[in-house]
Each structure stands twice: as structure tokens, then as C-alpha cells.
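A short worksheet on the structure shown next.
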Amino acid sequence: MFYCDTVETDAGGSNVFGEGLFAFDGTHLRSIARTAEPAPGGGIFTSLTSFTDWVTNDAGQTLFKATVSIDGGSRTALFLDTPGEGTTRLLINGDTIDGRTVTSIGGLFRTARGAGSLNERGDVVVRIDLDGDLAIIAFAEDDVCPADTNGDGQLGPNDFNAWILAFNSQ
């Protein structure tokens, strides 16, 4: 994962300066976000904030903050990029949570053991400001119920029947 300033030449031969966040898996270089490109959830990326406002996990996911031009203004937003699935906007200044407005998204953090704002499951924890009060918000991956034997998303008698059939087939 790396952040860099980019310089490209437009159709008129002028240099166009920007920023980009890229992932390299040892073989392929993949663009995650670049200034002047559309941002998931609406708006245009105008700044990728800084070299330190992104974290990755061993699954290749990247959590990052960026400034987005949207609704006639600039707002800070939090995004999660997952290889093969794309980038999702999780939160943007101006969103409401329990009737209160997000006015600031705190810095992302890492710990010595690797976990932090983004863990290996893809769970996200970040500090935010809600109308002047500090809060911690978490975005967690959905847990899968191991007893849902038939995989229909519900736990019921059909799961017991599927388990019995699987057991008897051994």
C-alpha cells in the first residue's frame, strides 16, 4: 500500500498534479482512490488527507480518510476498500447518528500488535465528534451463524434436518 503525488499530462499537454492511494500485491498495481475521481457514495475526491490517514490489514483491505467535494462544499469521509469488492464510504461529516451530526472524523490508529482502526476481520473502529461530544464508532462485519447448516440465513428445523443428512452421509 502506498500514497503518492501524481503528475499526468492532459490532452492539452499541461501537467495535472494530484494524489493517489494505490495497492501493490507483488504483481499488480491497483488504484484505490485518486483526486478528481468520483468517490463512492457521491462527490469527487479532492484530497487524500495525508500520508498517515490510512491503514491496511493482512486481507488487503484499506481504511482511509479523504476530503470529498459534495453538495457545494468539502467534507471529510471515511472509506473501506476491499480487494475484489471495491470501495465503500462508511461515514462522512454531516451524517447523523442517533439524531446527532458527525462534525469530525478522528485520525486512524495502529497498534504494535497490528490491530487498531481496522482489524483482520474488516471491523472498523474510529473516533468521531458528534455535535461537540467525542464518541467511538464501530463498523463490524456480519457474523455468520455456524448452526445455519443449510445456509439460508435463518436458524430453524431445516438446519437440523440438513445436519442429520450430512451426519448420516459420512
Do we have Leu90 as open to solvent by less than 80 Å² (accessible area, probe 1.4 Å), at pLDDT 90 or above, of a type in the set (A, V, I, L, M) and out of contact with any Lys or Arg (no Cβ under 8 Å at 6 or more places or on another chain) here? yes
If we take the range 17-93, then strands (runs of 3 or more DSSP E) inside it with 2 or more residues that are over 12 Å from the mean Cα position of the chain (by Cα) are 29-34, 44-47, 62-70, 73-82
Being in contact (Cβ under 8 Å) with a residue 40 or more places away in the chain, of a type outside the set (D, E, K, R) and farther than 17 Å from Ser117 by Cβ narrows Gly73, Gly94, Gly86, Gly99 down to just Gly86
Within the range 64-89, of all residues that are out of contact with any Gly (no Cβ under 9 Å at 6 or more places or on another chain) and of a type in the set (A, V, I, L, M), the one farthest from Ser31 (Cα to Cα) is Leu78
Residue within the range 103-111 that is out of contact with any Asp or Glu (no Cβ under 9 Å at 6 or more places or on another chain), open to solvent by 20 Å² or more (accessible area, probe 1.4 Å) and at pLDDT 90 or above present
no
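Which of the residues belonging to the range 28-70 are among the polar types (S, T, N, Q) and more than 14 Å from Ser117 (Cα to Cα)?
Ser31, Thr35, Thr46, Ser47, Thr49, Ser50, Thr67, Ser69
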Every listed condition ((1) closer than 15 Å to Thr56 by Cα; (2) modelled with pLDDT under 70) holds for Gly122 save (2)
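The values are calculated or read from the model by the stated rules, or taken from the named source; none is laboratory data. Predicted, not measured: the structure shown is a model, and the values here were computed from it. Because the Cβ atoms are built from the backbone with ideal geometry, glycine has one as well, and the counts that use them run over all protein chains shown. The area values use the complete protein model at the heavy-atom level, side chains included, leaving out ligands, DNA and RNA. Shrake-Rupley method; radii C 1.70, N 1.55, O 1.52, S 1.80 Å.
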